[in-house]
Amino acid sequence: MSLFQKSAIALARSPGVGRAMRALAARTSLARRFVGGADVAQAVRTAVRLREAHGIRASLFYLGEYVADADAIEHNTRQAMQACAALGQAGLDVHVSIDPTAIGYMRGDELGRGNARRIAAAAREASAGGRDWVVLDMEDSGLRERTCALHCELLQAGLPAGLTLQARRLGTPADLAWTIGQRTSLRLVKGAFPERALDHAGRARIDQAYLDAAAIMLSPAAREAGFLPVFGTHDDRLAGAIMALARERGWAPEAFEFEMLYGVRPDWQLALRRLGYTVRVYLPFGQDWWPYAARRIGEHPRNAWLLARSLNTE
Ligand code: FAD
């Protein structure tokens with residue numbers, strides 16, 4: 001899997017492949033499956049539909065990553081801020097996810113930090129008292145320390161900042177130790193950027209590391225701190241173990257969340273809702289869908305069939 005996933009990441013980052021994909025079709029089946037709208041208004045409509053029809057919450061994510069162009073960085077920042085305002089107006093959670101490399105970290109930490117503050121301030125302003133967070137995605141290992149530092153800085157400024165940590169990384173328990181003592185939202189994922197020297201080896205060990213981290217996130221110390229545990233996974237075996245642990249430790253279903261990607265295992269999303277759990281989808285919107293979609297192929301090679309079908313029929 002690692003080789004396949006690495007190849008998918010290389011394809012995701014290739015500007016030439018990206019241009020070719022966008023030229024082939026504005027929105028292929030692959031994009032329609034995983035992208036919730038071409039602009040903020042469409043994405044919010046999708047979020048309203050999910051909330052009204054199924055009680056599923058959303059985190060909006062404007063597509064674009066590893067961006068070095070100053071105008072594009074400003075555009076990405078404004079899209080995230082507009083998403084905050086539009087979510088607030090629609091009476092939904094003001095919940096957005098951001099990639100540090102989309103909002104300035106490719107040009108310098110100062111720019112990225114300033115833009116992250118603008119987005120978090122916009123979220124705070126739009127807040128109508130829902131579960132409102134600006135969650136920092138975790139990208140490759142070169143960004144890890146800087147992303148954790150940014151999270152800490154935003155929290156210290158009283159801004160509603162959340163963080164993503166990757167269970168596959170050997171260093172995650174150390175980052176978790178500080179985070180569970182904060183009033184913050186922490187999304188735990190397996191990790192989409194494999195790096196052999198920094199990771200647990202093999203699926204079984206990564207799954208075990210995920211459960212070990214989940215046990216820390218569901219500790220009494222975390223609950224006392226007002227910490228919100230978020231389990232970003234489509235893996236029903238892991239979710240089952242987490243549900244059992246949460247029950248055993250007295251965590252109410254609304255005191256933590258399961259979060260999944262828009263378009264991935266919608267049946268399982270609905271099943272968890274029916275069981276009374278809080279479910280959120282990570283809802284990407286915008287035009288730059290290829291790097292995101294390529295990563296979904298890396299995680300789940302069967303998604304390549306959606307791409308093949310698009311190229312044959314669209
Ligand atoms: P897996 O074992 O990979 O999958 C479990 C089952 O889910 C599979 O058997 C399959 O049936 C299904 N499935 C999983 N992925 C797909 C897919 N793409 N398409 C179709 N079916 C699928 N990674 C980061 O490195 N940084 C981040 O900031 C980050 N943010 C994320 C936010 C959310 C809300 C989620 C859900 C994931 C995020 N990821 C992030 C990706 C994550 O690291 C994993 O790569 C991804 O979630 C697949 O792992 P899994 O836990 O679902 O388990």
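The values are calculated or read from the model by the stated rules, or taken from the named source; none is laboratory data. Small disclaimer: the values here were computed from a predicted structure and weren't measured. A quick note on method: Cβ atoms are made from the backbone with ideal geometry, for glycine too, and the neighbour counts reach across all protein chains shown. Just so you know, the surface numbers come from the protein's heavy atoms only, side chains and all, with ligands and any DNA or RNA stripped out. Shrake-Rupley method; radii C 1.70, N 1.55, O 1.52, S 1.80 Å.
Please pick out the residue among Asp109, Asp93 that is within 16 Å of the ligand (Cβ to nearest atom), among the acidic types (Asp, Glu) and on the phi < 0 side of the Ramachandran plot. So the residue among Asp109, Asp93 that is within 16 Å of the ligand (Cβ to nearest atom), among the acidic types (Asp, Glu) and on the phi < 0 side of the Ramachandran plot is Asp93.
Taking first residues from the stretch 235-260 that are over 20 Å from Val189 (Cβ atoms) and in contact (Cβ under 8 Å) with a residue 12 or more places away in the chain and partners that are in a strand (DSSP E or B) and within 16 Å of the ligand (Cβ to nearest atom), the Cβ contacts under 8 Å between residues at least 6 apart in sequence or on separate chains come to Pro253/Thr278; Glu254/Thr278.
Residue pairs whose Cβ atoms lie under 6 Å apart, sitting 6 or more positions apart in sequence or on different chains, and linking a residue in the stretch 41-67 that is within 23 Å of Gly276 (Cβ to Cβ) to a partner that is among the hydroxyl-bearing types (Ser, Thr, Tyr), are Ser59/Ser97; Ser59/Tyr282. Selection of the stretch 157-179 for residues being part of a helix (DSSP H, G or I) and away from the ligand (no atom under 12 Å from the Cβ) yields Pro173, Ala174, Asp175, Leu176, Ala177, Trp178, Thr179. Pick from the stretch 301-314 the residues that are open to solvent by less than 80 Å² (accessible area, probe 1.4 Å) and within 11 Å of the ligand (Cβ to nearest atom): which of them is modelled with the highest pLDDT? Ranking the qualifying residues of the stretch 301-314, first place goes to Pro301.
Scanning the stretch 255-272 finds one or more residues that are farther than 27 Å from Glu65 by Cβ, open to solvent by less than 20 Å² (accessible area, probe 1.4 Å) and within 16 Å of the ligand (Cβ to nearest atom).
Of all residues in the stretch 180-193, those that are among the aromatic types (Phe, Trp, Tyr) and near the ligand (Cβ under 6 Å from one of its atoms) have Cβ atoms under 8 Å from Cβ atoms of residues that are open to solvent by less than 10 Å² (accessible area, probe 1.4 Å) and assigned to a loop (DSSP other than H, G, I, E, B), 6 or more apart or on another chain, in Phe193/Glu139. When the test is whether a residue is open to solvent by less than 50 Å² (accessible area, probe 1.4 Å), in contact with a helix residue (DSSP H, G or I) (Cβ under 6 Å, 6 or more places away or on another chain) and among the hydroxyl-bearing types (Ser, Thr, Tyr), Thr101 does not pass it.
Taking the criterion of being in contact (Cβ under 8 Å) with a residue 24 or more places away in the chain and open to solvent by 50 Å² or more (accessible area, probe 1.4 Å), the residues of the stretch 132-149 that qualify are Arg144, Arg146. Here the condition is being over 17 Å from Arg131 (Cα atoms) and at pLDDT 95 or above; of Ala204, Ala161, it holds for Ala204 alone.
Only one residue in Ala90, Ala126 is open to solvent by 10 Å² or more (accessible area, probe 1.4 Å), touching a Cys at 6+ places or on another chain (Cβ under 6 Å) and more than 17 Å from Thr164 (Cβ to Cβ), so which one is that? It is Ala126.
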